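J.: Structure incoming, see below.
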Amino acid sequence: MLSRFKKIGLIAVLAVSFVGTAMASDSGGYEFKKYDWKHAGPFGVFDKAQLQRGLQVYREVCSSCHSMNLVAIRTLKDLGYNQDEIKAIAAEYTFEDKLGDDGEYSERKGIPSDTFPAPFANDAAARYANGGALPPDFSLIAKAREHLSFFRPWASLYGEDYIVGILTAYTDAPHGEEMLAGQNWNPAFPGSKIAMAPPLVDDHVEYADGTKATVEQMSQDVAAFLYWASEPKMEERKKMGLKFMIFMTLLVILLYFTNKQVWKNVKKGQDIDPTKL
Ligand code: HEC
């Protein structure tokens, strides 16, 4: 018979796995394609060429609707740009500066410490321009849409795979579905009706490195870029984790031999007289 303690433990494990499974099964039935991201896994590092292509897609396509309020332009050095290139990218944007005597704001060119400028003055203006729907901010979108299931790892969904899914899943609405003006059929989106028109078509951007700009390629590139934006310090985190594991392994080996040394004069089953220690 199981002891009471073990029974309680077993019930707790079953309850947690049931809740975990129930929470994991809300993906709506769309089969997301799982890509082989270079930055995934414990040793994953960012593919800088891909991040640069993703930045290009963001700047040339998505940034007209989606803001990225928390990402400073200077952090683009992670993507392999040098200081002059970053200054040049920042200078392509203009920002409102001081309020002048005429009641108008003067303008200034962007500098690396600026964050990417938002396309709309506020959420109300963003909704007004998009038929009532709000294009979400992109600073943390890859993390915000990630779904990690501990008990059913195969049911986990990376934010990057979700983003590629959204960008590539557009099809015609099934017969009989009632669509409101401005709605598009996209089975990857919860509810399948999305207010974003398909933002990409083949060859929408022209990549400097000669990569063919198919919709799937651009989607993967921008998804990888958005993952970087949501966790720019991923490489440091993984390196730190590795160092920690190496340190812990050495510590365990050391403690094992220390333990052996300490107990070497005591035979198995022998009583220890504390007064003689
Ligand atoms: C013309 C404006 C516009 C452009 C350009 C645009 N989007 Fe959107 N996007 C929207 C709107 C509006 C929504 C909200 C849709 C809704 O709630 O139904 C949205 C939603 C999304 C979502 C779903 C977010 C969620 O809540 O799960 C993703 C992902 C997304 N956009 C990615 C992109 C990417 C990547 C690009 C660039 C390749 C892009 N969008 C370009 C307007 C746009």
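The values are calculated or read from the model by the stated rules, or taken from the named source; none is laboratory data. As the structure is a prediction and not an experimental result, all values here were calculated from the model. Note: ideal-geometry Cβ built from the backbone for every residue, glycine included; neighbour counts use all protein chains shown. These accessible areas exclude ligands, DNA and RNA; they are computed on the full protein's heavy atoms, side chains included. Shrake-Rupley method; radii C 1.70, N 1.55, O 1.52, S 1.80 Å.
J.: When you scan segment 144-162, do you find a residue that is within 12 Å of the ligand (Cβ to nearest atom) and among the aliphatic types (A, V, I, L, M), even just one?
T.: Yes, there is a match, as at least one residue in segment 144-162 is within 12 Å of the ligand (Cβ to nearest atom) and among the aliphatic types (A, V, I, L, M).
J.: Moving on. Give the residues of segment 84-113 that are open to solvent by 100 Å² or more (accessible area, probe 1.4 Å) and under 32 Å from the mean Cα position of the chain (by Cα), sorted by residue number.
T.: 84, 87, 92, 96, 109
J.: If you don't mind, another one. If you go through segment 168-178 one residue at a time, do you hit one that is in a helix (DSSP H, G or I) and either within 16 Å of the ligand (Cβ to nearest atom) or closer than 25 Å to residue 127 by Cα (or both)?
T.: Yes, the conditions are met somewhere in segment 168-178.
J.: Taking segment 44-81 only, how many residues are surrounded by fewer than 20 Cβ atoms within 10 Å (Cβ to Cβ), within 19 Å of residue 136 (Cα to Cα) and of a type in the set (Gly, Ala, Ser)?
T.: Selection size over segment 44-81: 3.
J.: Failed condition for residue 197, given (1) in contact with a Phe, Trp or Tyr (Cβ under 9 Å, 6 or more places away or on another chain); (2) more than 21 Å from residue 67 (Cα to Cα); (3) within 11 Å of the ligand (Cβ to nearest atom); (4) open to solvent by 50 Å² or more (accessible area, probe 1.4 Å), with all others met?
T.: Going through (1) in contact with a Phe, Trp or Tyr (Cβ under 9 Å, 6 or more places away or on another chain); (2) more than 21 Å from residue 67 (Cα to Cα); (3) within 11 Å of the ligand (Cβ to nearest atom); (4) open to solvent by 50 Å² or more (accessible area, probe 1.4 Å) one by one, residue 197 breaks only (2).
J.: Ok, one more. Are there any pairs with C-beta distances below 9 angstrom linking a residue in segment 98-110 that is at pLDDT 95 or above to a residue that is of a type in the set (Gly, Ala, Ser), with the two at least 6 apart or on different chains, and if so which?
T.: 109/90; 109/91; 110/90; 110/91
J.: Six or more apart or on different chains, Cβ under 9 Å: which pairs go from a residue in segment 232-255 that's polar (S, T, N, Q) to one that's surrounded by 10 or more Cβ atoms within 10 Å (Cβ to Cβ)? Could you list them?
T.: none
J.: Would you mind finding the one in 209, 221, 203 that is closer than 28 Å to residue 45 by Cα and within 17 Å of the chain's Cα centre (by Cα)?
T.: When all the criteria are applied, what remains is 221.
J.: Assess whether residue 91 counts as being within 15 Å of the ligand (Cβ to nearest atom) and farther than 21 Å from residue 218 by Cβ.
T.: Considered against the rule, which asks whether it is within 15 Å of the ligand (Cβ to nearest atom) and farther than 21 Å from residue 218 by Cβ, residue 91 comes out as no.
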